[in-house]
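Below: the structure, in structure tokens.
The values are calculated or read from the model by the stated rules, or taken from the named source; none is laboratory data. Note that the structure is a prediction, hence the values are computed from the model and not measured. Virtual Cβ from ideal backbone geometry, glycine too; neighbours counted across all protein chains shown.
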Amino acid sequence: MIRQVLAVFLDPRMQRTLLLQAAEHISLSLSAVVLAVLVAVPLGVWLTRREQLAEPVMATFGLLQTIPSVALLAFMIPLLGIGREPALAALFLYALMPILRSTYTGIKQVDDAILEAGRGMGMTSRQLLFLVEMPIALRVILSGIRVSTVLIIGWATLAAFVGGGGLGNTIMSGFAMVSPGQILAGGIPVTLLALLADYLLGRLERVVTPRSLRA
Amino acid sequence: MIRFENVSKVYNGNTPAVENLNLEIERGEFVCLIGPSGCGKTTTMKMINRLIEPTSGTIKINGKDIMQIDAVDLRRGIGYVIQQIGLFPHMTVAENVALVPKLLGWNPERRRKRVGELLPLVGLDPAEFRDRYPRELSGGQQQRVGIIRAMAAKPDVILMDEPFSALDPISRESLQDEMKRLQRKLKLTIVFVTHDIDEALKLGDRIAMMRAGQIVQLASPEELLRNPTNEFVAQFIGRDRLLTDPDVLTVADVMIKPVTVDPGHGLAEAIVTMKKRRVNSLLVTDENDKLLGIVIPKQIDLTRRGTVADVMRTVTVTTAPDVHLREAFQRMFLDHLDLLPVVTAEGTLVGLLTSTAMVDALSDVIWAEGDAQ
């Protein structure tokens, strides 16, 4: 089996294909996560100001999470056709929840005493958000983004089912040819990408956390 | 400079938290708001910086109705210190202290200078503490930073909401001392909420004793101790503390039970009694406890036989149990007396004032005042 995998990795043509697919994979995952951050972070912040909406909204997004991924992807085809767009849309929806949840909890967990001090000192709500709440919640928000990213890199494999490209293509052709070597040749880079993303985002979390907030 | 005019605060239809309150606070004054929980002291304080807005009435600062001032601008001109300290954990000490100046648009150099001025005021070395994070400080140090953070932009008023109650007793004590010193030195106007009467007596120029949303008594600590307006105030201050006021204490509070003998007692026996009871005088009384005289050792000549009646001296100076202690002590002091028998109007001996009792009573007073300063 190892020999089969090595055979794929050492084939110059396959190398090029894998590199190309990895690039697609990264681009697809990254786009989904970036879009999810752009939506989920502001939404999470907004929910901390509308607490009675927080649970219903988050329950709805939680429900989305439970739809089987293949089903969600298939569901996107009538809406967005095949190709990159339906894959991106599905991945985006999956990426939302961990970021939304972590933003909401991160901001909620900021000590009330700190907020009262800030308000009492004459900070506007905007200043309170950007100078106090966001910096303190940043680490928690980043950990949500990290969870989403790792998740999405894995799920982006399924993009191949709707013609969305990425390393899933290699895995799919592995299935088609009943070639475990080929399946692994697609799967291993996905795993490595996920681990790499996890590591890099973990580093980022530490870098942006002042030493006083580190556990 | 701060004036409450008929201020009330009612939370959705319930009984008012603050009712028709009138209060005028002078510039440079340290006013303590005190009372049991739920008396409206915190609400009263928070209405000054509009964290809570009055239901009716007006609050003026320097003659200006605070409702006419933008809440954010108002707060930037008022220092605020809370019990939980509330330092921003992600900012250094310097960043915390310089926050309001930054919001007010001071340039970095001016902010830096101000931090350098403020830290030493509360005994923190700027070189050492400027770049530390709150978590790297002790509770006492954190609240020191909290205090200078409130002073940073030279506010007109500083509001303090039980700032020391979460600290250990030693830090609390020293921060109280420092706060009072700073307030005097910089002529700060401070409104201070506390539930600790000792703290209020120690810090306040005036104390507003509150109950059920109203001020029951507004007075200096001295006045409060001497003349509590009613039972509630007296009870809040505490009986012990009231009694230790030398003007309130009477002879009966500190007199001791004297060692007495009857006039027929032999001299040798008298000496043995003194030795056994470890006293240096005996009071001679008849069967009705009427004071006849006093015997001290140097009057006893053991070479002669006789009774105490033969050698006792009559007592010319006595006092009564209901005499104010201060008066009785003055008497002892002026007449160089070690002893002052206490007799009733009918001449019955009921006690004895000694110089030891005087020292005890004085030290109680000093201790009580020491607690309250």
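Restricting attention to segment A:146-188, the residues that are at pLDDT below 90 and of a type in the set (Phe, Trp, Tyr) total 2. Within segment B:278-289, residues that are within 13 Å of B:Val311 (Cα to Cα) sit with their Cβ atoms under 6 Å from residues that are part of a loop (DSSP other than H, G, I, E, B), at 6+ positions apart or across chains, in these pairs: B:Ser281/B:Ile296; B:Leu282/B:Val259; B:Leu283/B:Pro258; B:Val284/B:Pro263; B:Val284/B:Met312. Among residues of segment B:352-364 that are assigned to a helix (DSSP H, G or I), those with a beta-carbon under 7 Å from a residue that is modelled with pLDDT under 70 and buried (at least 18 other Cβ atoms within 10 Å of the Cβ) at least six positions away or on a different chain give the pairs B:Asp364/B:Thr244. Where helices (runs of 4 or more DSSP H) sit wholly within segment A:1-85, those with at least 2 residues that are within 19 Å of A:Ser148 (Cα to Cα) occupy A:12-49, A:51-66, A:69-80.
Against the condition at pLDDT below 80, in contact with a Ser or Thr (Cβ under 6 Å, 6 or more places away or on another chain) and not β-branched (Val, Ile, Thr), how does B:Asp364 come out, does it pass? Considered against the rule, which asks whether it is at pLDDT below 80, in contact with a Ser or Thr (Cβ under 6 Å, 6 or more places away or on another chain) and not β-branched (Val, Ile, Thr), B:Asp364 comes out as yes. When each of B:Val259, B:Val248, B:Val254 is tested for being more than 19 Å from B:Leu203 (Cα to Cα), modelled with pLDDT of 85 or more and among the β-branched types (Val, Ile, Thr), the lone residue that passes is B:Val259.
The condition of being assigned to a helix (DSSP H, G or I), at the interface with chain A (Cβ under 9 Å from one of its Cβ atoms) and not acidic (Asp, Glu) holds for only one of B:Ala150, B:Ala127, that being B:Ala150. If only residues of segment B:85-108 that are in a loop (DSSP other than H, G, I, E, B) and surrounded by 19 or more Cβ atoms within 10 Å (Cβ to Cβ) are counted, the one that is farthest from the other protein chains (Cβ to nearest Cβ) is B:Ala98. Could you say whether any residue in segment A:97-110 is in contact with a strand residue (DSSP E or B) (Cβ under 6 Å, 6 or more places away or on another chain), surrounded by 20 or more Cβ atoms within 10 Å (Cβ to Cβ), within 14 Å of chain B (Cβ to nearest Cβ) and assigned to a helix (DSSP H, G or I)? Looking through segment A:97-110, none of the residues is in contact with a strand residue (DSSP E or B) (Cβ under 6 Å, 6 or more places away or on another chain), surrounded by 20 or more Cβ atoms within 10 Å (Cβ to Cβ), within 14 Å of chain B (Cβ to nearest Cβ) and assigned to a helix (DSSP H, G or I).
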